[in-house]
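Notes to accompany the following structure.
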Amino acid sequence: MINHILHIHQSFRLVIYITLLCTLSTSVVAQRDILSSDDELGIRRKDDLNGFDSLQIGKDPNVVDSTIFKYFTLQDISNLREFGDTTLDQNLSYSDPARDPSKPSANLGTVASASHPLLYTPSQVTGFHSGFHEYDTYNFTIDRFKYYKTNRAISDLYFSTIGNLQNLSLKTDFTRNFEDGIQLSINYQRFSNLGFYSEQRARTTNFGTGLWFQSPTDKYNLFFTFVSNVNTEEQNGGITTDTLFGTEFAEFRTAIPTNLTDANTRYQQRGIRFSNYYKLASPDSTNWNLQLQYDLEYDWNYWNYDDVLTNSSTDTLLYQKYLTDTRGARTYITDNNLSQAAYLHGIGPNGYQGKLGLQYDRHKISQANRDSTINDLSLKYNVSIPFVKSLQLYSKGSIGLGANAGSFDLDGYVNLKIEDWATLKGGANLFRRSIELIEDEFWINDVKIFDNDFSKPFGSKFYGALNIPKLNTIISLKQTFENNPILWGYNALPYQLEEILSTTQLNAQIHLIWGGWHMDNYLQYQILSEDLIDLPNYMSTHKFYWDGDIFHKNMNLRIGVQTRLVPEYTAQRFIPVIGRFHEGVNPLQFYPDTDFFISFKVQSFRMFLQVQNITEFWSSDKDINYQVENHPQYDFTFRYGVRWVLFD
């Protein structure tokens, strides 16, 4: 405890300096992009269930009227989204995406470490995929790269640190318009965390840049997009014992021994895409407006694991069948993909919309110096059909025609708007997914560990959601049936379940208000027909706070607590040599993970202060917070952060 308090004292001087500097600022504004995460049900997730304010910049009404600040992604360039205006503490996941209360995840104890979702989510890939998903929570994709519709240069900056400056989160988005219809956009984020235990350093660097050219008549649009994700992590295999907690020896967490001492993972993904859109019909036409799209993309990726020495008894227990040589464990997998896609878009006079096209992917894979080539061809479509003003049908799908023949993902749903008080959505999804590479075969030190012949899992989903804005409530229900799913057993090897796995999930987001007092609630409940997947049956996150203006309405203050509740359950284990979470054996005790937070807003400046894991104050020294077996979470520690947007 003394060690953690010393970290706080060392950081607090920097907090004061930042506060004094930023309080003097009058030309910046901190914004929270809370429209960038649509949930699977297609109903917008609200981090602030009160709704969204307009973009307020200082107190100059002329700026509010003149500034255009919207964005879109390459997933759908016609879907413009607005930036919302909220305080920084609205969503603590901005500092750590794994803490997103609407999509809870479990990680290895530090930001940017390997993580897995706590809500069961089956893979639905319809083409080749390596199978490495442990860093998906943090990484960018080209489809979700942000381009902006704005009439001013904008820099969106964010900084946060925990414990000390060796554990930080940094993000920035930048966009600027140039002459001749050219715009530059940059998305960047970096998580760099030393951790508090030995060999726990984790770093993720995500960088994306894009150039958008728009012809004077808007008949032709060209997007050039580059995205890079680099995930590096020291793997300690977890602590060897929990008997040292509560002793003087464990006051400094680096003194607690770990299973591995010199093991590292590096996962690198890079891609570049040229996207071309050409309008065949005039936007003023009363008939169908047609548009051609052509994408050319090249991706080069690799996954590498290296442990220089594997001759101890803990190595034998941790690696199990993957231990093939006492001189170390090494694997290196590359996947280079050349992709081409062509689509025809159409927009009808009565709101009908559609998209149809083909995508070709040529993957060149290398594993253990064995090369192979896979040629995937996919038919893709997207349709929107309005029946009446309040009822609309949507459908989208992907069907494999090449090496991925037999794989498909078909989804259809309807949206019904019930006057002004509710929106109801219901749909169904049918899929038959491809087998991922590391489910099929895997090599260590040029030794084949397994070579499977699995059949493609087949499944269906039925889902619905109800959004009641006046009650600040969103409720969703999903039922999934998956035939012959591929699971990972206690021995960390994949196997195919020869029966149907049924999953029922109920989610609710409820925001309660009593004057200036607020309570945000995220509730998740799931039932799995098999006990072979170690996930909790229910979990919830609750945020209770006061929100109001003080000092003659010159400052907005928000102060409160947030707690994450997960009951006792058997947690998954993690085997770093293949980057997979798998069936565990030891139950994790109930631990109410509680944080205290306070945020300030003075004109255009915003700042948040947060004390994480205050549960430690009233719990025993031997009560430790875990999310993954043998990987403790942060102890009591201190986080602060600032965010602002600079214009011109």
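The values are calculated or read from the model by the stated rules, or taken from the named source; none is laboratory data. Treat the numbers as computed from the prediction; the structure is a model and nothing was measured. We place every Cβ from the backbone using ideal geometry, glycine too, and count neighbours over all the protein chains shown. For the accessible areas, the whole protein counts, side chains as well, though only heavy atoms, and no ligand, DNA or RNA atoms are used. Shrake-Rupley method; radii C 1.70, N 1.55, O 1.52, S 1.80 Å.
Work out how much length GLU499 to SER455 would gain on full extension: take 0.36 nm times their residue separation and subtract the Cα-Cα distance, in nm to one decimal. Spell out each step's value before the answer.
Details: separation 44, 0.36 × 44 = 15.84 nm, distance 1.24 nm.
Additional length available on full extension: 14.6 nm.
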- In percent, how large is the relative contact order of the range 77-212, given Cα pairs closer than 8 Å and 6 or more residues apart? 18 percent
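Given a 1.4 angstrom probe, what's the average accessible area per residue across the range 520-631, in square angstrom? All intermediate terms of the calculation are to be shown ahead of the outcome.
Working: 4580 Å² over 112 residues.
I get 41 Å² per residue for this part.
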- Roughly speaking, what is the stretch gain from LYS149 to TRP300, that is 0.36 nm per residue apart minus the C-alpha to C-alpha distance, in nm to one decimal? 51.4 nm
- For the chain, what is the charge dipole size about the Cα centre, in debye to the nearest 20, if Lys and Arg each add +1 at the Cβ and Asp and Glu each add -1 at the Cβ? 1720 debye
- Among rounded, prolate and oblate, which fits the range 348-408 when a ≥ b ≥ c are the square roots of the eigenvalues of its C-alpha gyration tensor, a/c under 1.5 means rounded, and a/b larger than b/c means prolate? prolate
- For the range 470-478, Karplus couplings with θ = phi - 60° (6.51, -1.76, 1.60), whole Hz, Gly/Pro x: 5, 9, 6, 9, 10, 10, 9, 9, 9
- Straight-line reach check, LYS456, cutoff 19 Å on alpha carbons, 8 or more apart in-chain or any other chain, hits among aspartates and glutamates -> ASP376, ASP409, ASP411, GLU436, GLU439, ASP440, GLU441, GLU482, GLU498, GLU499
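Of all the accessible heavy-atom surface of the range 212-361, with the other protein chains kept in place and a 1.4 Å probe, what percent is carbon and sulfur? Could the numbers behind the result be given before it?
On the way: 4230 of 7350 Å².
Here carbon and sulfur together make up 57 percent of the probe-accessible area.
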- Could you work out how far apart the two model spin labels at ASN445 and VAL308 are, taking each label as a point 7 Å from the Cα in the direction of the beta carbon, and quote it in nm? 1.7 nm
- Where a ≥ b ≥ c are root eigenvalues of the Cα gyration tensor, a/c under 1.5 meaning rounded, otherwise prolate if a/b exceeds b/c and oblate otherwise, the range 252-347 counts as prolate
- Item | Residue-level accessible surface for SER372, protein heavy atoms, 1.4 Å, Å² | 60 Å²
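For LYS417 and LEU379, FRET efficiency with R0 = 25 Å and r from the beta-carbon atoms, rounded to 0.05?
It comes to 0.20.
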- Taking the simple approach of a point 7 Å from Cα along Cα-to-Cβ for both THR316 and SER78, what is their distance in nm? 6.4 nm
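So what is the calculated 222 nm ellipticity per residue for the chain, using -39500 (n - 2.57) for each DSSP H run with n of 4 or more, over all residues, to the nearest 500 deg cm²/dmol? Don't skip to the answer; put the middle values down first.
On the way: 4 runs with 39 residues, N = 648.
Computed ellipticity for the chain at 222 nm equals -2000 deg cm²/dmol.
Which sequence of TRP421, TRP644, TRP443 reflects their accessible areas, 1.4 Å probe, from the largest down? Numbers along the way, then the final one.
On the way: TRP421 110, TRP644 65, TRP443 30 Å².
The ranking, largest first, comes out as TRP421, TRP644, TRP443.
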- Item | Surface accessible to a 1.4 Å probe, ILE475 within the full protein complex, Å² | 70 Å²
- Item | Karplus-derived HN-Hα couplings along the range 361-373 (A = 6.51, B = -1.76, C = 1.60, θ = phi - 60°), whole Hz, x at Gly and Pro | 10, 10, 9, 10, 10, 10, 9, 6, 6, 10, 9, 8, 10
- Query: Where a ≥ b ≥ c are the square roots of the eigenvalues of the C-alpha gyration tensor, would you call the range 545-585 rounded, which needs a/c under 1.5, or, failing that, prolate if a/b is larger than b/c, or oblate?
  - Reply: oblate
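Run the numbers on the range 360-499 and let me know its relative contact order in percent, using alpha-carbon pairs under 8 Å that are six or more apart. Let's see the in-between values first.
On the way: 296 pairs, mean separation 20.4, N = 140.
Relative contact order, the range 360-499: 15 percent.
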